[in-house]
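Some notes on the structure that comes next.
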Amino acid sequence: MVQLGALEFHIWGSREGHLETPDRIVFDLDPAPDVRWADVRTAAVRLRNDLSRRGLESLLMTSGGKGLHVVVPLRPEADWSDVKRFSRDVAEDLVRRYPQKYVASMSKSKRPGKVFIDHFRNGRGATAIAPYSLRARDGAPVATPLAWNELGKTAGGGVWTAARVLRRLRSRPDPWAGADKLGRQRLPGAYR
């Protein structure tokens, strides 16, 4: 891929051994240009808390762009339609509770002043940026896994460069190390 000049790597929510049963859910928190970074961080925390109330732990990653990704590792047993329905219901629930802050529709006209909770990355064939992938943007920022306690110290979705990420990984462990244990999580019963 490097010889072809590829910078960005986008991956499915399933793996080769179980293509029809996703092993992760991705929520892409994509702010409109007029939304403050603090509001994106708040959205991530609210989403994390909502998922936790539903019995699911989540991981956090900068997108390498303007936003954040909240990722839920799963046991690969539910099919695409169940995972898609669950992610849509979670996003729409947050929109119902905070209609002035969030939108779950792809319609650009509804996004000004809001964070788009993109749940559409959870359908068959949809992709999301891979952890540690460079982005084809000015400065080639990196989609960077974070520990939840780093969120308050993170200044934006595109602040990590390749050099910064390499220094970071030399000085401390990958914040997602051991996250494979979360892969035993299951969707709530109504979605399986």
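No value in this document is a laboratory result; all are computed from the given coordinates. These numbers were taken from a predicted model, which means no experiment stands behind them. In this analysis, Cβ positions are derived from the backbone assuming ideal geometry, glycine residues included, and neighbour counts consider all displayed protein chains.
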Going residue by residue through segment 56-70, the Karplus relation 6.51 cos²θ - 1.76 cosθ + 1.60 with θ = phi - 60° gives ³J(HN,Hα) values, rounded to whole Hz and with x marking Gly or Pro, of 10, 8, 9, 10, 10, 8, 5, 7, x, x, 8, x, 10, 10, 10
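May I ask you to work out the translational diffusion coefficient for segment 51-93 at 25 °C, viscosity 0.890 mPa s, via Stokes-Einstein with Rh from the Kirkwood sum over Cα pairs, reported in whole µm²/s?
209 µm²/s
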Å³ per residue of the Cα convex hull, for segment 1-104?
-> 117 Å³
If amide H atoms are modeled at 1.01 Å from N in the peptide plane, then the residues at a separation of 5 or more from residue 24, or on another chain, having amide H under 5 Å from its own are 74
Starting from the eigenvalues of the Cα gyration tensor, five times each then square-rooted, give me the equivalent ellipsoid semi-axes of segment 102-192, largest first, whole Å.
-> 26, 22, 13
When the Cα centres of segment 42-93 and segment 165-190 are compared, how far apart do they sit, in Å?
-> 14 Å
Over segment 133-192, relative contact order from alpha-carbon pairs under 8 Å, at least 6 apart, % = 30 percent
Per GNM of the chain with C-alpha springs under 10 angstrom, the most fluctuating residue out of 141, 131, 33 is 33
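Over segment 10-191, calculate the relative contact order: mean separation of alpha carbon pairs under 8 Å at least 6 apart, over the residue count, as a percent. Could you put the intermediate results ahead of the total?
Details: 354 pairs, mean separation 55.2, N = 182.
The normalised contact order for segment 10-191 reaches 30 percent.
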Which length gain, in nm to one decimal place, applies between residue 75 and residue 18 when the Cα-Cα distance is subtracted from 0.36 nm times their residue separation?
-> 19.5 nm
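Taking the Cβ-Cβ separation of residue 186 and residue 148 as r and a Förster radius of 25 Å, what is the calculated FRET efficiency to the nearest 0.05?
Numbers: r = 21 Å, r/R0 = 0.86.
Computed FRET efficiency for residue 186 and residue 148 comes out at 0.70.
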Which one of 32, 140, 177 has the biggest mean-square fluctuation once the chain is modelled by GNM with Cα springs under 10 Å?
-> 177
Can you list the equivalent-ellipsoid semi-axes of segment 10-191, largest first and in whole Å, using the square root of 5 times each Cα gyration tensor eigenvalue?
-> 23, 21, 15
Of 119, 69, 18, which has the largest mean-square fluctuation in a 10 Å C-alpha GNM of the chain?
-> 18
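Counting only helical runs of four or more DSSP H residues, what would the 222 nm mean residue ellipticity of the chain come to if each run contributes -39,500 (n - 2.57) and the total is spread over all its residues?
Mean residue ellipticity, 222 nm, calculated: -7500 deg cm²/dmol.
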